[in-house]
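Comments concern the structure below.
The values are calculated or read from the model by the stated rules, or taken from the named source; none is laboratory data. A quick note: this is a predicted structure, and the numbers were derived from the prediction, not measured. Every residue, glycine among them, receives a Cβ derived from its backbone with ideal geometry; neighbour counts consider all protein chains shown.
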Amino acid sequence: MRHRGHLPLFALALAAAAAADAHAVVIDDYTVGPLVVDTPGVTEQTGLSPDHVIGGQRHIEIGQYVSTSTVEIAASSGMQFSSVGWGYMELTYDGGDSLGGIDLTAGGDDRFLLNFGDIGPGFHPLGIYVNLPTYTSKNGRSIYLLDAWDGVSLELPFSALPTSMDSVDGIVIDVFRNPAGTSFTLNSFLTGQRSLPGDFNHDGVVGALDLAKWSTALGVKTSGGYLASADANEDGVVDGRDFLTWQRAVTAAPVNSAVPEPAAALLATITLSGAALASLATRGRRRQSAI
């Protein structure tokens, strides 16, 4: 787990969520229903605000096989999952029985957005399932989260899932069994869309916050249908080509367009030296690929 010299990851995630696409559906922003669960079994949370948890309920199932697994949800830190052995978790959003066939595409959204905080060392398999049980991998999409991905935002296009997203009855986050143990933090789980090239945080503005997203994700390689939010050309890797997309978009913006930082600072950012970019690229190449 790495700690960088910038704003806390959860604070950045909350800022991004506050400015997110107005059409986004909040699956869970983990700001309501605080809890700590560290024993095997099923925990039901009901009566939660549907503005913060889709359907107003969470169904949490933990199994641990002579190990210790913990799920902690807090408004200040998101959802944290950890295990020291063969632990697993399923977090289901189904309103207690069904979400009633909700249309996640109604506002033009075409993907899930997962905003992560700290990711610990080890093996981190995570899957998303919609309307289907988690018996086999073909019923959803899975990815291995890597320790080097602290603060990275991932997207799962609806087109990658084997079910229609205009009539959704249930959504599951599944963390697989892991003999080596695992830990990660998920700050928010939303729907969204790519409306502007270079708008990596989905706030409708191309600016320095998007460059920060690109820098955090530089070198991330994804597979299994998942994409990093900073992967502008959706080729499965965040690299210099994605930076150029951002650069073209931010320099093409109208002079009177809204930006979240002073123009002079933004222009200085755009003129990143070749040496600085090369340094970032070198760091990015050290990241491992997702399996």
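Among the residues making up the range 57-100, a single one is modelled with pLDDT of 95 or more and on the phi > 0 side of the Ramachandran plot: Gly78.
For the range 154-168, which residues satisfy the criterion of being assigned to a strand (DSSP E or B) and within 16 Å of the chain's Cα centre (by Cα)?
Hits for the range 154-168 are Leu154, Glu155, Leu156, Pro157.
Where strands (runs of 3 or more DSSP E) fall wholly inside the range 22-102, the ranges with 1 or more residues that are in contact with a Lys or Arg (Cβ under 6 Å, 6 or more places away or on another chain) are 41-45, 87-93.
Just one of the listed residues (Gly127, Gly122) is under 16 Å from Pro162 (Cα atoms) and either touching a helix residue (DSSP H, G or I) at 6+ places or on another chain (Cβ under 8 Å) or assigned to a strand (DSSP E or B) (or both), and it is Gly127. Against the list (1) in a loop (DSSP other than H, G, I, E, B); (2) buried (at least 22 other Cβ atoms within 10 Å of the Cβ), the condition Leu113 fails is (1).
If I ask for residues that are modelled with pLDDT of 95 or more and either farther than 13 Å from His124 by Cβ or outside any strand (DSSP E or B) (or both), which ones from the range 173-187 would you list? Within the range 173-187, just Asn187 meets the criteria.
Screening Gly151 on (1) surrounded by 22 or more Cβ atoms within 10 Å (Cβ to Cβ); (2) part of a strand (DSSP E or B); (3) small (Gly, Ala, Ser) shows it passes everything except condition (2).
Scanning the range 41-88 for residues that are of a type in the set (Gly, Ala, Ser) and over 19 Å from Asn115 (Cα atoms) returns Gly41, Gly47, Ser49, Gly55, Gly56, Gly63, Ser67, Ser69, Ser83, Gly85, Gly87.
Residues that are over 23 Å from Ser167 (Cα atoms) and charged (D, E, K, R) were ranked within the range 40-62; the one that is surrounded by the fewest Cβ atoms within 10 Å (Cβ to Cβ) is Glu44.
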